[in-house]
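First up is the structure itself, then whatever we jot down about it.
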Amino acid sequence: MKTRYSHGGDEHIFVEMDEEMSLDAFFKSLSMTNALREAKIDGVTEICPANASCQVKFDPDVIAPDAMLEELKKLEDVAEAAEKRMTTRIVEVPVFYQDPWTHETLMRFRERHQDPSGTDLDYAAKINGFDNAEGFIAAHHANPWFVSMVGFVSGLPFLYQLVERERQLQVPKYLRPRTDTPKQTVGYGGCFSCIYSVRGAGGYQMFGITPMTIFDPKQEVSYLRDFMVFFRPGDIVKFSPIDRDEYDRILKEVEAGTYTPKIAEVDFDLEAFNADIAGTNAKLMEALDGA
Amino acid sequence: MALEIRKPGLLTTIQDLGRPGYFHLGIPIGGAMDRLSLRAANRLVGNPEDAACLEAVFMGPELVVTEDTLLAVTGGEMPVKLDGAEVPTWTSFAAKKGQVLSFGYLTDGARIYIAVAGGIATEPMLGSRATYAIGALGGVDGRAVAAGDVLPVGDGAGTPGRTVPEALRRRPGRPAELRVLPGLYWHRITEASQKAFFDDEWSVAPEADRMGYRFRGGRPLEFVEREQPFGAGSDPSNIVDGCYPYGSIQVPGGTEPIVLHRDAVSGGGYFMIGAVISADMDLIGQLQPNVPVRFQRVDMDAALKARAERTAVLDEIRAATA
């Protein structure tokens with residue numbers, strides 16, 4: 001892992017922990033942003049952790065860009081030495097795969113896709129060595145995911161699959177981004193899944209949709225009354241496949257304010273995870289099943 | 001006191017200086033595209049510089065004032081009419097209860113700022129009244145203004161006839177010059193492409209909005225060959241999804257640069273070749289589609305000097321409107 005610093009204009013510094021994605025790079029980025037937040041440096045206005053990088057925005061009239069850069073470099077050792085473990089939560093997210101709404105949308109933007117003759121799922125299944133979409137879907141929800149970044153728009157989580165690298169699913173982004181994506185679409189690009197928090201443009205492949213609202217600016221949804229954004233970096237997600245009836249039922253519950261996501265508090269230790277992935281995931285699932 | 005919207009124009013939104021502090025959740029700072037013009041408009045009517053105004057792009061709205069008040073219009077150049085009679089831009093003027101504010105055709109720039117004494121007093125969300133339509137934050141129920149909206153206005157008082165001298169009204173040149181500090185993933189393109197990017201003349205594409213401005217007309221960028229890092233995606237313009245700075249220039253597929261603006265997406269999977277310096281961000285908000293643009297390479301010293309010059313202009317505006 002080689003850390004690279006770059007100015008982003010005169011108001012930002014971008015820090016790349018590593019060119020490639022790994023949970024080690026994620027933890028280093030998160031530790032660096034935590035250390036930066038604790039350092040309470042005058043002039044810092046935004047601290048943004050990402051999958052394998054992070055960014056700080058500052059007022060160069062208060063702290064000069066080069067001075068900001070030096071402050072960040074000082075924090076790198078702290079970040080490097082930080083424990084790669086956290087107390088977090090595992091959340092069950094119901095997904096209606098192969099739903100009619102993302103299907104209608106992906107057919108509308110077929111000419112922007114690598115394989116205009118099929119669907120996003122058929123294509124993802126084929127290039128990842130599955131016989132059919134069902135096999136790919138099973139792999140998509142078999143193991144938990146780790147929220148390694150929140151962003152793009154309004155609380156959208158990027159999720160990284162908690163499996164060995166050789167088992168990671170990978171799909172390219174659309175050739176040209178779509179101008180439309182249904183709200184709460186479960187998408188995929190590179191090695192990341194995401195959940196589109198709002199309707200809008202998007203470049204990730206579309207696999208399904210969740211009835212669970214994850215962004216509510218009015219804060220009317222029962223579990224979003226404290227804050228409008230549901231996800232934060234470090235959350236763990238288990239996708240759970242549902243059919244149309246269950247989708248409709250949960251959607252009604254969310255709207256009526258009676259839906260409570262299934263959540264359990266868990267500890268995540270990267271070293272323990274790397275030593276025994278299947279065992280760690282089994283423990284995570286045990287915690288969720290007990291919730 | 002209120003403003004009654006009769007015609008909304010093309011896209012008229014309530015904007016202030018935005019909501020910093022939530023970019024790590026994908027909620028951008030937002031606020032006026034051309035901040036200097038918004039600050040000036042507020043000063044002209046005696047408001048704090050960060051009060052909420054109307055930002056109208058390409059076409060002005062038509063509205064009625066419900067009480068005697070003071071107004072000012074800054075930003076791009078568009079004839080301002082009070083009950084049909086033209087009044088000067090960049091100058092505060094009194095409007096009587098029931099008078100109608102309307103606009104002629106845009107002659108320069110892209111966005112105008114309409115300030116009213118007391119400021120627009122809609123409900124702030126996350127510390128700002130700025131409209132962020134994608135996230136349904138601020139504005140009128142999270143959206144742009146529409147015909148029939150009645151916008152509440154706070155208490156305020158000011159002096160008519162205050163004006164910003166012509167020399168302090170900043171406009172893009174032709175071609176517009178946008179100064180860029182190379183960086184971020186600049187090393188991903190070849191030396192020839194690094195040179196071409198600054199040599200070529202670009203023009204603003206029709207896809208230009210509060211989220212970002214797209215440019216076309218320059219040569220496609222060529223990439224330094226590499227094996228794509230794990231998780232980035234297969235296109236050479238892909239990176240492992242990371243944060244995007246405001247003003248950063250991403251070039252999906254190496255073809256059409258996009259400069260992210262006030263309603264930026266906070267991150268994504270396209271490489272960036274650097275960022276437009278903070279001093280030139282306001283100028284982008286005054287660019288219309290199809291206008292020619294050149295990117296000019298600067299270093300950090302030049303970027304900071306330009307920023308200081310912009311602050312000096314703001315101080316002159318403050319002195320002129322005190």
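The values are calculated or read from the model by the stated rules, or taken from the named source; none is laboratory data. Given the structure is predicted, the values throughout are model-derived calculations rather than measurements. Cβ coordinates were reconstructed from backbone atoms using ideal geometry, including for glycine residues, and neighbour counts include every protein chain displayed. All accessible areas refer to the heavy atoms of the entire protein, side chains included, with ligands and DNA or RNA removed. Shrake-Rupley method; radii C 1.70, N 1.55, O 1.52, S 1.80 Å.
The phi torsions of the range A:170-183, fed into the Karplus equation with coefficients 6.51, -1.76 and 1.60 and a -60° offset, translate into couplings of 9, 9, x, 6, 3, 4, 10, x, 6, 9, 9, 8, x, 4 Hz, rounded to whole numbers, with Gly and Pro shown as x. The distance between label points at B:Glu177 and B:Asn290 comes to 2.6 nm (points 7 Å beyond Cα on the Cα→Cβ vector). The Rg/Rh ratio for the range B:2-167, using Cα coordinates for both the radius of gyration and the Kirkwood hydrodynamic radius, is 0.94.
Take every Cα pair under 8 Å whose residues are at least 6 apart in sequence, average their separation, divide by the length of the range B:2-167, and the relative contact order is 31 percent.
Straight-line reach from A:Lys2: taking Cα to Cα under 15 Å and skipping same-chain neighbours fewer than 8 places apart, the aspartates and glutamates in range are A:Glu16, A:Asp18, A:Glu19, A:Glu20, A:Asp24, A:Glu76, A:Asp77, A:Glu80. Considering only A:Asp24, A:Asp248, A:Asp42, the Gaussian network model of chain A with Cα springs below 10 Å gives its largest mean-square fluctuation to A:Asp42. For peptide B:289-301, the mean count of partner chain Cβ atoms within 10 Å of a residue's Cβ comes to 1. Build a GNM of chain A with springs between Cα atoms under 10 Å apart, and of A:Thr105, A:Thr119, A:Thr258 the one that fluctuates most is A:Thr258. Solvent exposure of B:Trp90, expressed as accessible area, is near 10 Å², computed with a probe of 1.4 Å over the protein chains only. The aspartates and glutamates within cross-link reach of A:Lys283, meaning a Cα-to-Cα straight distance under 19 Å and a gap of 8 or more places when in the same chain, are A:Glu92, A:Glu164, A:Asp235, A:Glu265, A:Asp267, A:Asp269, A:Glu271. Dipole size of the protein assembly as shown about its Cα centre, with +1 on Lys/Arg Cβ and -1 on Asp/Glu Cβ: approximately 1380 debye, rounded to the nearest 20. Shape call for the range B:137-180 from the C-alpha gyration tensor, a ≥ b ≥ c root eigenvalues: rounded (a/c under 1.5), prolate (a/b greater than b/c) or oblate? Oblate, since a/c reaches 1.5 and b/c is not below a/b. Rounded to the nearest 10 square angstrom, A:Val198 shows an accessible area of 20 square angstrom against a 1.4 Å probe. In this structure, the pairs whose alpha-carbon distance is over 30 Å, taken from A:Lys84/A:Lys262; A:Lys74/B:Lys305; A:Lys28/A:Lys218; A:Lys173/A:Lys238; A:Lys28/A:Lys57, are A:Lys28/A:Lys218.
Couplings 3J(HN,Hα) of the range B:120-129, computed from phi: 6, 10, 5, 6, x, 10, 6, x, 8, 8 Hz, in residue order, whole Hz [Karplus 6.51 cos²θ - 1.76 cosθ + 1.60, θ = phi - 60°; x for Gly and Pro].
Each Cα pair under 8 Å and six or more residues apart adds its separation to the average, and for the range B:1-88 the resulting relative contact order is 38 percent.
Amide hydrogen proximity for B:Val140: with H placed 1.01 Å from N in the peptide plane, the residues at 5 or more positions away or on another chain lying under 5 Å are B:Ile14. The distance between label points at B:Lys305 and A:Lys74 comes to 3.0 nm (points 7 Å beyond Cα on the Cα→Cβ vector). Averaged over the residues of peptide B:180-191, the number of Cβ atoms from other protein chains lying within 10 Å of each residue's Cβ is 3. Measuring with a 1.4 angstrom probe and ignoring ligands and nucleic acids, A:His103 comes out at about 80 Å² accessible. Straight-distance candidates among the lysines for linking to B:Lys97, with alpha-carbon spacing under 16 Å and chain neighbours fewer than 8 residues away dropped: B:Lys81. Given the options A:Ala67, A:Ala25, A:Ala139, state which has the largest fluctuation in a GNM of chain A using a 10 Å cut-off (strictly under) for Cα springs. Between A:Ala67, A:Ala25, A:Ala139, it is A:Ala67 that shows the largest mean-square fluctuation.
Equivalent ellipsoid semi-axes for the range A:87-286, as square roots of 5 times the alpha carbon gyration tensor eigenvalues: give them largest first, rounded to whole Å. It would help to have the intermediate numbers written out before the result.
On the way: eigenvalues 121, 100, 45 Å².
Three semi-axes, in Å: 25, 22, 15.
If you take the square roots of the eigenvalues of the alpha-carbon gyration tensor of the range B:262-309 and sort them as a ≥ b ≥ c, do you get rounded (a/c under 1.5), prolate (a/b over b/c) or oblate? Note, shape of the range B:262-309 comes out oblate.
Going by the alpha-carbon gyration tensor, a ≥ b ≥ c the square roots of its eigenvalues, is the range B:143-236 rounded (a/c under 1.5) or, if a/c is not under 1.5, prolate (a/b greater than b/c) versus oblate? The shape class here is prolate. Two tests apply to each whole DSSP H helix in chain B, Cα reach of 15 Å or more along its axis and mean Kyte-Doolittle hydropathy of at least -1.0, and the ones passing both are B:300-320.
Taking amide H as placed 1.01 Å from N in the peptide plane, B:Gly212 has its amide H under 5 Å from the amide H of B:His261, each at least 5 places away in sequence or on another chain.
The listed residues A:Lys183, A:Lys2, once ranked by accessible area (1.4 Å probe) with the largest placed first, stand as A:Lys2, A:Lys183.
Legend: translational diffusion of the range A:4-82 by Stokes-Einstein, Rh = Kirkwood radius over C-alpha pairs, 37 °C, 0.692 mPa s; D = 268 µm²/s. Look at the stretch B:233-239: the mean tally of other chain Cβ atoms within 10 Å of its residues' Cβ atoms is 5.
Per-residue accessible area (protein heavy atoms, 1.4 Å probe) orders B:Lys97, A:Lys73 as B:Lys97, A:Lys73, starting from the largest. Farthest towards the positive end of the charge dipole of the range A:87-286, among the residues A:Phe130, A:Ser193, A:Thr181, is the Cα of A:Thr181, using unit charges on the Cβ of Lys, Arg, Asp and Glu. For the range A:124-151 versus the range B:179-224, the spacing of their alpha-carbon centroids is 34 Å. The orientation-averaged projection of the convex hull spanning the C-alpha atoms of the range B:176-313 amounts to 8.0 square nanometres. Once backbone amide H atoms are built at 1.01 Å from N, A:Thr88 has A:Val266, A:Asp267, A:Phe268 as its partners under 5 Å, excluding neighbours fewer than 5 places away on the same chain.
Normalised by the number of residues in chain A, the mean separation of alpha-carbon contacts (under 8 Å, six or more apart) gives a relative contact order of 19 percent. Among A:Tyr259, B:Tyr113, the sequence by solvent-accessible area, most first, with a 1.4 Å probe is A:Tyr259, B:Tyr113.
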